[in-house]
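**Student:** My questions all concern the structure below.
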Amino acid sequence: MQADDIKTVALVGTGVIGASWAVAFLGAGLTVRATDPAPGAEGRLRDFVAQAWPDMVSLGRHGGRSLEAAQGALVFCADGGEAARGADLVQENAPERLDVKRETYAALEAVLAPQALIASSTSGIMPSQLQASLQHPERLLVGHPFNPPHLIPLVEVVPGQATTEPYVTLAMDFYRRLGKTPIRLRKEVVGHIANRLQAAIWREAVYLAREGVASVEDIDLAVAAGPGQRWSIMGPSLTFHLAGGQGGMAHFLDHLGPAMETWWAALGEVHLDEPTRAMLVDAFGPPNPDQLARAVAHRDQALLRRLKALAADQADTGK
């Protein structure tokens, strides 16, 4: 099977990640067969599609569909088995529990075509653990997105020990077809790549706040107004390669490598104990649904503007 042969996607779990995946799939012109046992799940999913569809139109990733046509291509099913019937690919977004995911796969495999790809959105479970009980373990891998998947380009593709190469190629090609930027991990590791990186940064951010170096808000600003501006364009290693000037990485390592090692040695260790949890919760105050909704809308619109600007920049540079 080739990526272009994938016409129907089974979407298992339609929470924050699953709903956003649905928008991305619908925007690629696919049929989506979705399922989620939570009460009211279908209504929330269709509301999310309606809210996000203008963004897909703005990005040119709507597959020529109107919102009405997109909603028509979205079928809500009673369970995973029904959703998997006729599906070419499953994007699984079940809770982060190994037993729940394995139960989900058993229901899927009872009706899923043997050649269909199963991709898990898991944030950190190893694919080899996920595929251990499958009848066809060779067709399961991790396709981990970043939130919100309909906007953020990154997808981490992680094969397990039993995953065969054709399915890895299929997954990479399929996510590229969606307009994503898939990366392939050469080795399984807890948390994959991006979550480990942001966990490391957040650990130091929490440590600095606990030590009283600055407020949670100012530490967030230090990232957003500083290195975060560059990280949306290039990663940390290329950033430091450029910091070396004409000498590149070699000059950077000669000039700032020793200092960097002293900074590494001074990085803090912190735990999410009660005082730390209280500090973090107090920094944002009690959850306010309206305020949270405005923050999400602001984030998504800012992401949309930046994605369009980056796309224009890449077009100008011929990338």
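**Student:** Residue by residue through the range 79-92, note down the ones that are within 28 Å of His62 (Cβ to Cβ) and either of a type in the set (A, V, I, L, M, F, W, C) or modelled with pLDDT under 95 (or both).
**Tutor:** Of everything in the range 79-92, those that are within 28 Å of His62 (Cβ to Cβ) and either of a type in the set (A, V, I, L, M, F, W, C) or modelled with pLDDT under 95 (or both) turn out to be Gly80, Glu82, Ala83, Ala84, Arg85, Gly86, Ala87, Leu89, Val90.
**Student:** Within the range 25-37, can you find the residues that are of a type in the set (A, V, I, L, M, F, W, C) and open to solvent by 40 Å² or more (accessible area, probe 1.4 Å)? I'd like the intermediate steps shown before the answer.
**Tutor:** At the first step, the residues of the range 25-37 found to be of a type in the set (A, V, I, L, M, F, W, C) are 25-26, 28, 30, 32, 34.
Passing the criteria: none in range.
**Student:** Any residue in the range 239-257 that is closer than 24 Å to Val216 by Cα and assigned to a helix (DSSP H, G or I)?
**Tutor:** No: zero hits.
**Student:** Next up: How do the helices (runs of 4 or more DSSP H) wholly within the range 39-120 filter down when requiring 1 or more residues that are farther than 21 Å from Lys7 by Cα and open to solvent by 10 Å² or more (accessible area, probe 1.4 Å): which remain? Don't jump to the end; show me each part of the working.
**Tutor:** Numbers: elements: 41-59, 67-72, 80-84, 98-109.
Here the list reads 41-59, 98-109.
**Student:** If you take the residues in the range 258-278 that are part of a helix (DSSP H, G or I) and of a type in the set (Gly, Ala, Ser), which one is most open to solvent (accessible area, probe 1.4 Å)? Before the answer, list the steps.
**Tutor:** Start the filter on the range 258-278 by keeping residues that are part of a helix (DSSP H, G or I), which leaves 258-266, 274-278.
From the residues that got through so far, the ones that are of a type in the set (Gly, Ala, Ser) too are 259, 265-266, 278.
Numbers: Ala259: 32, Ala265: 87, Ala266: 69, Ala278: 44 Å².
For the range 258-278, the residue satisfying everything is Ala265.
**Student:** Name the residues in the range 279-295 that are assigned to a helix (DSSP H, G or I) and open to solvent by 70 Å² or more (accessible area, probe 1.4 Å), would you?
**Tutor:** Val281, Asp282, Phe284, Pro289, Asp290, Gln291, Leu292, Arg294
**Student:** What about Val157, is it of a type in the set (A, V, I, L, M, F, W, C), buried (at least 16 other Cβ atoms within 10 Å of the Cβ) and on the phi < 0 side of the Ramachandran plot? Step through it out loud before you land on a result.
**Tutor:** On the way: of a type in the set (A, V, I, L, M, F, W, C): yes; buried (at least 16 other Cβ atoms within 10 Å of the Cβ): yes; on the phi < 0 side of the Ramachandran plot: yes.
So Val157 fits the description; yes.
**Student:** Mind listing just one residue for me: the one in the range 217-228 that is closer than 21 Å to Trp264 by Cα and touching a residue at least 12 places away in the same chain (Cβ under 8 Å) and, of those, most open to solvent (accessible area, probe 1.4 Å)?
**Tutor:** Once the filter is applied, the top-ranked residue is Asp220.
**Student:** Scanning for something part of a loop (DSSP other than H, G, I, E, B), touching a residue at least 12 places away in the same chain (Cβ under 8 Å), open to solvent by 60 Å² or more (accessible area, probe 1.4 Å) and at negative phi, does the range 176-187 turn up at least one residue?
**Tutor:** Looking for residues that are part of a loop (DSSP other than H, G, I, E, B), touching a residue at least 12 places away in the same chain (Cβ under 8 Å), open to solvent by 60 Å² or more (accessible area, probe 1.4 Å) and at negative phi, one finds none in the range 176-187, hence no.
**Student:** Inside the range 227-270, can you point out the residues that are among the polar types (S, T, N, Q) and within 20 Å of Leu208 (Cβ to Cβ)? Can you show your working first?
**Tutor:** The first filter runs over the range 227-270 and keeps only residues among the polar types (S, T, N, Q), leaving 229, 232, 237, 239, 246, 262.
The answer is Gln229, Thr262.
**Student:** Also, I was wondering about something else. Return only the number of the condition from (1) surrounded by 10 or more Cβ atoms within 10 Å (Cβ to Cβ); (2) free of Cβ contacts under 8 Å to residues at least 12 places away in the same chain; (3) closer than 26 Å to Ser58 by Cα that Leu307 does not satisfy.
**Tutor:** Leu307 satisfies all of (1) surrounded by 10 or more Cβ atoms within 10 Å (Cβ to Cβ); (2) free of Cβ contacts under 8 Å to residues at least 12 places away in the same chain; (3) closer than 26 Å to Ser58 by Cα except (2).
**Student:** Has the range 198-216 got at least one residue that is among the hydrophobic types (A, V, I, L, M, F, W, C), touching a residue at least 60 places away in the same chain (Cβ under 8 Å), surrounded by fewer than 18 Cβ atoms within 10 Å (Cβ to Cβ) and not in a helix (DSSP H, G or I)?
**Tutor:** First, the residues of the range 198-216 that are among the hydrophobic types (A, V, I, L, M, F, W, C): 199-202, 205-206, 208-209, 213-214, 216.
After this cut, where a residue has to be touching a residue at least 60 places away in the same chain (Cβ under 8 Å) as well, the list is 206, 208-209, 216.
Within this subset, residues satisfying the condition of being surrounded by fewer than 18 Cβ atoms within 10 Å (Cβ to Cβ) are 216.
From what is left, the residues that are not in a helix (DSSP H, G or I) are none.
The answer is no; no qualifying residue exists.
The values are calculated or read from the model by the stated rules, or taken from the named source; none is laboratory data. Only a predicted model underlies this, so the values are computations on that prediction, with no experimental measurement involved. Glycine gets a Cβ as well: all are built from the backbone with ideal geometry, and neighbour counts include every protein chain shown. Protein only, heavy atoms only, side chains kept; ligands, DNA and RNA dropped before computing areas. Shrake-Rupley method; radii C 1.70, N 1.55, O 1.52, S 1.80 Å.
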